[in-house]
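Q: Submitted below is the structure of interest, expressed as structure tokens.
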Amino acid sequence: MAEAIEKRIGITQGVVMIFVALAIDGVQFLINLIPLVGWLFVSILSVGVALMFWTWFKLNGVSFIKGKTALLRVTALSVGTFLEVFPLFNSVPAWTFAIGIAVITVILEDKVHNIGILNKFGVNKLIGSKARQNKNKGVRINSGNRFNVPRRLRKMT
């Protein structure tokens, strides 16, 4: 099994990130009530918030390119940024949803990596270290031998 990685974002930090996003959405909603000047300020603020959250994720070792859920994270943050930049759409709490999705995907990705899919279903017990120890007895993995016939009997067949 692959080496276990530590948590990139824990539950506590994830909750704090979501609450920060919720607070930013609230402030943006209140500023958005000011016509024209507020709309312009909120749009500029949204770009800074996007960079802040991107930096926060990168400081925790979260990649937006690698990983099984990287595409979902990139999509959530891109849609969140897109919605928050335009004045008609930025009243929606898009930061809260985008950061919530990104945090949940990172936490779940870490849990799946640390637990391991094979270990979860008990398959690792069948094909893990026991198979390597018993390779002389015919229990082989990816040997190309369909019936796992021991070496001494292969020549006879």
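Q: Take the conditions farther than 17 Å from residue 114 by Cβ, surrounded by fewer than 16 Cβ atoms within 10 Å (Cβ to Cβ) and basic (Lys, Arg) and apply them to residue 68. Does it pass?
A: no
Q: Could you tell me which numbered condition residue 86 fails, if it satisfies all but one of (1) over 22 Å from the mean Cα position of the chain (by Cα); (2) surrounded by fewer than 15 Cβ atoms within 10 Å (Cβ to Cβ); (3) touching a residue at least 40 places away in the same chain (Cβ under 8 Å); (4) within 25 Å of residue 9 (Cα to Cα)?
A: The failed condition is (4).
Q: Among the residues of region 69-98, which ones are assigned to a loop (DSSP other than H, G, I, E, B), among the polar types (S, T, N, Q) and under 16 Å from residue 21 (Cβ atoms)?
A: 90, 91, listed by residue number.
Where a number appears in this text, it was derived from the coordinates with a stated rule and is not lab data. Owing to the predicted nature of the structure, the values given are computational and were not obtained by experimental measurement. Because the Cβ atoms are built from the backbone with ideal geometry, glycine has one as well, and the counts that use them run over all protein chains shown.
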